[in-house]
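Chemist: Could you have a look at this structure, given as structure tokens, before my questions?
Throughout, read-outs are computed from the coordinates displayed, never taken from laboratory work. Remember, it's a predicted structure, so these values are computed and weren't measured experimentally. Backbone-built Cβ (ideal geometry, glycine too); neighbour counts: all protein chains shown.
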Amino acid sequence: MRAPTIVEAHPSRIWRGRLLLVLIAAAATTAAWCSTSGDVVSWWARAAVSAIALAIGAGVVSFAVSTPAAMGWTGLAWELLPAAVATPLRGVPAVAIDFGAWMLSRVSVEGTHRVVWLPAERHDAAAWHPLRAARYSGPGGRR
């Protein structure tokens, strides 16, 4: 049986910096493509690609400035405790990326189609080892 544990996740400078690099690379690639494809691709196709790149960029920015949250194992279920919500949301987390000292979890909130991405780092979490042990053993763990 796993002991209850809670870890707070704050988007760190490393997380924000890497997302900013992705945004800059996407913008540079889109700008280069639009400037070099003038005779081959029509103006509306370039405008559509630019609009899609802008939407992706907006998503990256909203991802980078996400509010702090906490994820915890109560002993019975995983709960997500966003800063703006008074009551915890039950969900099923899945580890999307795990670098040992940094983890990105994808939490699917029960009863909705809502998905919350939760970056967590070792230096943010006093209960880092119990969180990792709880994440990988049993329901919602990697199999």
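Chemist: Output the peptides 93-105, 70-82 sorted from most to least packed, where packing is the average of other Cβ atoms within 10 Å over each peptide's residues.
Modeler: 70-82, 93-105
Chemist: Take the Cα gyration tensor of region 13-64, multiply each eigenvalue by 5, square-root it, and list the three semi-axes largest first, rounded to whole angstrom. Don't skip to the answer; put the middle values down first.
Modeler: Values: eigenvalues 131, 26, 3 Å².
After diagonalising the Cα gyration tensor, the semi-axes are 26, 11, 4 Å.
Chemist: Taking the Cβ of VAL107 as the centre, find all other residues whose Cβ is under 13 Å away and add up their charges (Lys, Arg: +1; Asp, Glu: -1).
Modeler: Net charge in that neighbourhood comes out at +2.
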